[in-house]
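The values are calculated or read from the model by the stated rules, or taken from the named source; none is laboratory data. This is a predicted model, so every value here is computed, not measured. Cβ atoms come from the backbone with ideal geometry, glycine included; neighbour counts cover every protein chain shown. Surface areas here come from the heavy atoms of the whole protein model, side chains and all, with no ligands, DNA or RNA. Shrake-Rupley method; radii C 1.70, N 1.55, O 1.52, S 1.80 Å.
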Amino acid sequence: MLKTANTPFLETERLFLRKFNENDLQDIFLIYSDHEVNRFLPWYPLETMEEAREYLKKDILPEYEKPIAYRYAIEEKATSRVIGYVSLCDIHIEKCCADLGYGLLKTYWNKGIITEAASKVLETAKENGFTRITATHDVNNPASGAVMKKIDMTFRYAYTEQWQPKNFKVIFRLYQIDF
């Protein structure tokens, strides 16, 4: 059984993992508008600050009203900037499982930030009763798969999906960790 928790504040050596808020709007726009950052994600990059405001209001903030959610802003301690996100999506309360997702400003790529943040979220998920977490990556994005390996997820299988709303075929590799 899952412990009721909604994005509990977490801290690592370099990061604060916390809920997004209205003060993060500029950083949200920078992350979600970058075409390279969002290349392998199912949505189109944001184009305006108004779209960022709507995304925060309609997609992020409602998560914090649920009894169980893990929707983190990754704040770099050194700069107090939100530089990315990590979340557990599609939480299945009865089966105690979820899907891991993440994104990061490209200036922070290859510095272990997502590995650090995701490891802390997985540790917390395990403590709160999750028994299985999955994650997928496009075969054309092996860096994301490398993160999954670094956080002790194991490859299970590949599958093809018609990616929406972008409407093209993608071969995904699915990784999983069991607690």
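Just a few scattered comments:
- Among residues of segment 124-147 that are farther than 15 Å from residue 39 by Cβ, those with a Cβ under 7 angstrom from a residue that is β-branched (Val, Ile, Thr), sequence gap 6+ or separate chain, pair up as 125/133; 133/177; 147/114; 147/115.
- Close pairs (7 angstrom Cβ cut-off, 6 or more residues apart or separate chains): on the phi < 0 side of the Ramachandran plot and of a type in the set (Val, Ile, Thr) in segment 96-114, in a helix (DSSP H, G or I) and modelled with pLDDT of 95 or more anywhere: 114/147
- Being small (Gly, Ala, Ser), closer than 23 Å to residue 123 by Cα and touching a residue at least 60 places away in the same chain (Cβ under 8 Å) is a property that residue 73 lacks.
- Number of the exception - residue 164 against (1) under 20 Å from residue 43 (Cβ atoms); (2) open to solvent by less than 80 Å² (accessible area, probe 1.4 Å); (3) polar (S, T, N, Q): (2)
- Segment 125-152: number of residues that are of a type in the set (A, V, I, L, M), surrounded by fewer than 17 Cβ atoms within 10 Å (Cβ to Cβ) and part of a loop (DSSP other than H, G, I, E, B): 1
- The lone criterion from (1) of a type in the set (Asp, Glu); (2) part of a strand (DSSP E or B); (3) open to solvent by 80 Å² or more (accessible area, probe 1.4 Å) left unmet by residue 99 is number (3).
- Boolean, residue 52 is buried (at least 18 other Cβ atoms within 10 Å of the Cβ), modelled with pLDDT of 95 or more and under 16 Å from the mean Cα position of the chain (by Cα): no
- Members of segment 55-88 found to be outside any strand (DSSP E or B), open to solvent by 30 Å² or more (accessible area, probe 1.4 Å) and more than 28 Å from residue 170 (Cα to Cα), listed by number: 57, 61, 62, 64, 65, 66, 67, 77, 78, 79, 80
- All positions within segment 153-169 that are assigned to a loop (DSSP other than H, G, I, E, B) and either acidic (Asp, Glu) or without any contact (Cβ under 8 Å) to a residue 12 or more places away in the chain (or both): 167
- Residue match in segment 104-124 (condition: in contact with a Lys or Arg (Cβ under 6 Å, 6 or more places away or on another chain), open to solvent by less than 50 Å² (accessible area, probe 1.4 Å) and not in a strand (DSSP E or B)): yes
- Here segment 1-24 is the region considered, the condition is being among the hydrophobic types (A, V, I, L, M, F, W, C) and either under 29 Å from residue 170 (Cα atoms) or surrounded by fewer than 16 Cβ atoms within 10 Å (Cβ to Cβ) (or both), and the residue that is farthest from the chain's Cα centre (by Cα) is 1.
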